[in-house]
1. Let me spell it out: the conditions are (1) touching a strand residue (DSSP E or B) at 6+ places or on another chain (Cβ under 7 Å); (2) under 20 Å from Val88 (Cα atoms), and Gln263 meets all of them except one. Which number is the exception?
2. Can you confirm whether Asp65 is at pLDDT 95 or above and either at positive phi or among the acidic types (Asp, Glu) (or both)?
3. Among the residues of region 443-466, is there at least one that is modelled with pLDDT under 95, closer than 30 Å to Phe334 by Cβ and assigned by TED's automatic domain parsing to the domain that holds Leu386?
4. Determine whether Gly78 is in contact with a helix residue (DSSP H, G or I) (Cβ under 6 Å, 6 or more places away or on another chain) and either surrounded by fewer than 16 Cβ atoms within 10 Å (Cβ to Cβ) or more than 22 Å from Val141 (Cβ to Cβ) (or both).
5. Might you let me know whether region 133-145 holds any residue that is in a helix (DSSP H, G or I), of a type in the set (A, V, I, L, M) and touching a His at 6+ places or on another chain (Cβ under 6 Å)?
6. Residues of region 54-68 being under 26 Å from Lys147 (Cβ atoms), part of a loop (DSSP other than H, G, I, E, B) and not hydroxyl-bearing (Ser, Thr, Tyr), which ones?
7. Taking the conditions exactly as written (farther than 19 Å from Phe404 by Cβ, under 21 Å from the mean Cα position of the chain (by Cα) and among the basic types (Lys, Arg)), does Arg286 satisfy them or not?
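The values are calculated or read from the model by the stated rules, or taken from the named source; none is laboratory data. Only a predicted model underlies this, so the values are computations on that prediction, with no experimental measurement involved. So basically every Cβ, Gly included, is an ideal-geometry build from the backbone, and we count neighbours across all protein chains shown.
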Amino acid sequence: MQLFPFHGGLKTVRHKTESNQQAIRCAALPQQLHVPLRQHVGAIAKPLVQPGDPVLKGQIIGQPDGYVSAAIHAPTSGIVTAVDKRPVPHPSGMTDWCVSIEVDGQERWIERRPVDYQHLHPSDLRNAVRSAGVVGLGGAVFPSAVKMNLSGHCERLEHLIINGAECEPWMTCDDRLMRERASGIVAGIHILAHLLVPREVLIGIEDDKPEAIAAMVAACAGTGYEVCPVPTRYPSGGVKQLTKLLTNKEAPVDGRSTDIGVQCFNVATAYTIHRAIDYGEPVISRIVTITGHVKQPNNLEVLLGASFAELIAECGGYQDGVQRLIMGGPLMGFALHDDQVPVTKATNCILAAGPEELTPEQPVMPCIRCGACMDVCPADLLPQQLYWHARAKEFDKAQAYHLFSCIECGCCSYVCPSRIPLVQYYRYAKNEIWAQEKEKQRAELARQRHQARLERLEREKQEREAKLRQKAPARAEASVEKSAPTASVTNANATPLTAESPTETVVRNA
């Protein structure tokens, strides 16, 4: 099919063969799991268990809280030992609420109930996906049930895109998944196509994955789904970039892909939808690439909540020269503070980086206005202008240059000859804008509450005055009756008293 190249991008050193030469291997069952309750975009799940509770494999332990949220399940059977805050994978090293499970080793499942999706109401099908905890496993971890609801966004979906590009260097978990479980991915696509009814289904895979392409072509035979090899150019796996490549469509700056009749899901997400609907299995594990300076790089199927340190040990341990542990790839991933943090649904790669994988630390030099950042920006932005405005804290101007269209791919920082950490400035500006928006929302909420209080007090005052006005005639009548003269009571045999003058009184006394 015809492809439509996107602006910018990079040719990177791939480093794929280090980990994609062996089949996916199941990681050993750990003794302890620390399962975070926040593994998705949106509201954190509400814990449904407490210390001492026994749990079964697949049992829901975190209930979705709100529309944009997802369920969390026990990855295996055991006893809950704690529900508390523990370190989680995050650039800041923050802690978050986790359910700690002491594993009993018996792997006792809940009762698994497959769903006949072809005879299920669309809302019930989405609820089944939501209850299974399915989120985007490409790294965005947005609740899939929300993306499967097109009401209010578009009347007819033109293109359902399945993202198998996996453009980030070192990462091969999707590559191995497509090679080994292509039929399961296609089964998940069937479910998505049944619900979304797209005009066509396009599966984008970078052309440096010939085995994955061949496996998906074979699995899609007779379905009408089109497997589309795309050029190996970072970041072709970005949703906007892959959409441009395959359809020549671009979402509006402040809009969504559904505004142009496109919806995109990762291949791993499609596979988990298949397992959730066709087998009744919630998301309790994922495939993770363990690579870099480890002795035996590989792709492991890992229970959520297992520690990074255990996975590194299972791949033979660290090699000499490790300088940084990165979750994700070297361009869009982030460094971790230690390796005791747990695997989450967002963990697609663990990279033990040595000096050759990291950009050498060099002093930041002034911008020379060379324009290299603009040439490689896949979002077709002006990174130099964004940098100046973010640095000067001119956030309104940064937004005018479409700051939030930046996908933080790192292309600009990668080519900058002055070694300016451009993406860090963009993230700083975004966080400041979000903080200001939250402050405005809090201030607006306080204003609305104050206004509502004043209106309530005024309403109560008017109600009191109205009641007083209603009671006023009755009180006036009662007051008139009380002040009227009473009739004299006389005795029929008594002589009426008359007023006497002082002279008459004196004469009578004489």
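1. Result: Gln263 fails condition (2) only.
2. no
3. Within region 443-466, none of the residues are modelled with pLDDT under 95, closer than 30 Å to Phe334 by Cβ and assigned by TED's automatic domain parsing to the domain that holds Leu386.
4. no
5. Looking through region 133-145, none of the residues is in a helix (DSSP H, G or I), of a type in the set (A, V, I, L, M) and touching a His at 6+ places or on another chain (Cβ under 6 Å).
6. The answer is Gly58, Gln59, Pro64, Asp65, Gly66, Val68.
7. In short, yes.
Matching residues to (1) out of contact with any strand residue (DSSP E or B) (no Cβ under 6 Å at 6 or more places or on another chain); (2) touching a residue at least 24 places away in the same chain (Cβ under 8 Å); (3) surrounded by fewer than 21 Cβ atoms within 10 Å (Cβ to Cβ); (4) closer than 28 Å to Ala145 by Cα:
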site: Gly8; (1), (2), (3), (4): yes, yes, no, no
site: Leu33; (1), (2), (3), (4): no, yes, no, yes
site: Pro36; (1), (2), (3), (4): no, yes, no, yes
site: Gly52; (1), (2), (3), (4): yes, yes, yes, no
site: Ala82; (1), (2), (3), (4): no, yes, yes, no
site: Asp104; (1), (2), (3), (4): no, yes, yes, no
